[in-house]
């Protein structure tokens, strides 16, 4: 998500939409409208990614469950065949009771041995029947669980499509706002954007006149990993923002941060909301190069960048923009984390 000022440059002017924002009266109003719409679009994008990750995991789990169901189905079928044979044997052996057969037999001792054997067989048969009932109940539970998962996944897919439409709609609304400006107004905003980006880069590279330090200064409290993360982020500057991208040729905001920390062997969660719980919290006054800095919503931040120094971050702003420097003050700060 771009800042309140850095929101304009390369949007193509598209056709007006029926649900578009009211026409801005001033450049400042246009910037504010576009910033709000872009933040809403990125929030929907991050929600989309979180749900997509959940859905992908659910699909993998469902596949494993279905394999288990197949195995259990075969097991129950085999046990059913055994139980059927037992039932048939019991049916064929019905008739005279044991006392009558003992009275009629010519070998009482042998018959009594048979009775003992039959009783043992009956115990085994009862155990088989009980096991069959248990395994059949287990199969029914597994089938119900699988069907419930399938129903949930169907709902998630509907919600996924709705989030994608919401994000695309907000981007379209932002384009529509820009279409109501004159070419001169759009150029004026683009020039201001570029000026601010250049100044942010300059401030990040050296002193800003307010006690800022250069990253090469040995007094800067940066861990080795943090400095390496910043170096990685710097190498990505100029690469385009692409929704859902994690590099190496393009990034979205959380895709950039996860790739930067992955370069030093630290695995982050995929979305800005999830990354807000990675590592340990850091106060604004204690920020160090490489820290993750979050913006907009304190409960579920929709944007994240990598702290450099002097109040500057490197981030992937929004569609149509590229990885760049910007000042933290351009967006509502909600917190920071330091990955392990």
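Bear in mind that the values in this text are calculations on the coordinates, not laboratory data. Given the structure is predicted, the values throughout are model-derived calculations rather than measurements. Please note: Cβ atoms are built from the backbone with ideal geometry, for glycine as well, and neighbour counts cover all protein chains shown.
Summary of computed values
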read-out: Gyration tensor (alpha-carbon) shape descriptor, the stretch 223-338, a/c threshold 1.5; value: rounded
read-out: Inter-label distance for residue 26 and residue 340, nm, one decimal - labels placed 7 Å from Cα along Cα-to-Cβ; value: 5.0
read-out: Label-point separation in nm, residue 158 to residue 137, each point 7 Å along Cα→Cβ; value: 3.4
read-out: Rough spin-label spacing in nm, given labels placed 7 Å along Cα→Cβ, for residue 298 and residue 63; value: 4.2
read-out: Likely footprinting exposure, 132, 251, 241, fewest C-beta neighbours within 10 Å first; value: 132, 241, 251
read-out: Sites residue 85 and residue 165 - FRET efficiency at Förster radius 41 Å, r taken between beta-carbons, to 0.05; value: 0.10
read-out: FRET efficiency estimate (nearest 0.05) - Cβ-Cβ, residue 277 to residue 183, R0 35 angstrom; value: 0.20
read-out: Rounded Å value of the spacing that divides the Cα centres of the stretch 33-75 and the stretch 154-179; value: 18
